[in-house]
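In what follows, a single structure is set out as structure tokens and then discussed.
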Amino acid sequence: MTEGDNMLIAMMNDQLINAGELTDKSIIDKALVCPCCHEQVIFKNGKYRIPHFSHKRSSLCSHFSENESQAHLTGKLAFQRQLEEIGEPAVLEYNLPAIEQRADVFLTSKKTILEYQCSPISYQDMARRTANYRQLGMDVLWILGDRHLNAAKRLDSVAKFARFHSQLGFFIVFYSAKNNQFRIDFHIKEVCGKLTSDVRVFHHLRDLKNFIQSSTQEMAGYSTQYVQKMILNQVNRIQRSVVMGNETYLDMVTVCYQRRKVFVGCPLVCHGKFDGELPIFRRTGLCWRVWIVLQLFSGEDDEISNQELNWLFKQSVQLFGQQFAQVDDYVRFFQMAFTGFIFSLRANGYLRHTIAGVKIIQSPKWFESYDEKRQYIMTEKPMVC
């Protein structure tokens, strides 16, 4: 790095200084250092350049010039200011040499890290950095920037960024540096193949904190008409995907074809609960449930032991299960989903529980074509349980 480098923040007396907000000339004339390498920097401002800091001499430091953005800086400073307003001591750019990481914001009294993620990041890096913090006994909350505002609508992003709360379910927190507001997407669920969530917006970290700590929100139930519409939409999406040769359902289309079944004609019970379910699968829960139904009802045996059910559960998780970077013991969610689906099959009259396992009563109805299934849904107005 040379004298022409461009940094938006510097440090003085262990406090971060924002170049864009620096107006006190008495500070400008004092010794300012780079928060990364701690070498001396100078303040620059001009008619055609934004306010910034530069190293006084050649330096190999590149952390802030390459990775720091104005939005990222604005967010971190906002977090620190709002935390101090509610009496929470906060340190910016807290260095943790034991794990070779530098935390965006460290809440000293809570042993909690706030990471403001404005740029893309891989699942592996998320999981590694989170695990490193927890190794030191620290909790970490990832807060996403503006470019991630659609994260709650994508399964891969939910796997990276979502946390779990007993009342809020799976949730993701955002901070818009443009609008200076927080947003939480919570009760993230999959309803007939689409991710849905409830949303709340807050203008202060205090209000977001209170909402998370005291929330008793519950998901509202869906009407029969809503269920009918959601299932029809999913069936239409499947049909379009198959006709266009997309890869979304290709594997399960092939598996069903090998069993002389039409994937889009899968039993209605495979579409899941009408009030939504946890987004715990790499693809949609539909593929997982279709696979379970094929395994349970395509054999000659009419009884399935508990040991066989356990094997089926483990295989289904291995094939379809999604891992989470921010959620511990996530396998419990798969167990809940599996148990719930078995009970759903029983409630619809397809299975009966026995001491040794389950007994097959009848097979769920497979439709022979897209048109037959669509007509049935529109005529019968089914409820899926």
inquiry  = Counting other C-beta atoms within 10 Å, and keeping those with at most 15, which DSSP coil GluC sites (Glu not before Pro) do you find in region 324-385?
reply    = E368
ask   = What does the accessible area per residue of region 268-385 come to in Å², with a 1.4 Å probe and no ligands, DNA or RNA counted?
value = 50 Å²
note = Unit-weight point scatterers at every alpha-carbon of region 229-385, Debye formula, q = 0.16, 0.19 1/Å: log10 I(q)/I(0) is -0.95, -1.34
query = With every protein chain left in place, what is the accessible area per residue of region 104-157 in square angstrom, probe 1.4 Å?
reply = 44 Å²
ask   = Fully extended, how many nm does the chain gain between N13 and N306 (0.36 nm per residue separation, minus their Cα-Cα distance)?
value = 99.0 nm
note = Carbon plus sulfur, as percent of the 1.4 Å-probe accessible area of region 286-385, comes to 49 percent
task = Calculate what fraction, in whole %, of the accessible area of region 105-211 sits on carbon and sulfur atoms when a 1.4 Å probe is rolled over the protein chains.
result = 46 percent
task = For the pairs K76/K229; K189/K373; K160/K365; K261/K314, note any where the Cα-Cα span goes beyond 31 Å.
result = K76/K229; K160/K365
key: Whether region 137-222 is rounded, prolate or oblate, judged on the alpha carbon gyration tensor where a/c under 1.5 counts as rounded   = rounded
inquiry  = Counting C-alpha atoms alone, how compact is region 304-385: give Rg to one decimal and Dmax as a whole number, in angstrom.
reply    = 16.0, 44
ask   = Between Q40 and V91, how many nm apart are label points set 7 Å from Cα along the C-beta direction?
value = 2.6 nm
task = List every residue whose amide H lies under 5 Å from the amide H of H165, counting only residues 5 or more places away in sequence or on a different chain, with H placed 1.01 Å from N in the peptide plane.
result = F170, F171
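The values are calculated or read from the model by the stated rules, or taken from the named source; none is laboratory data. Note that the structure is predicted; figures quoted are calculated from it, not measured. In this analysis, Cβ positions are derived from the backbone assuming ideal geometry, glycine residues included, and neighbour counts consider all displayed protein chains. What goes into the accessible areas is simple: the full protein's heavy atoms, side chains included, and nothing from ligands, DNA or RNA. Shrake-Rupley method; radii C 1.70, N 1.55, O 1.52, S 1.80 Å.
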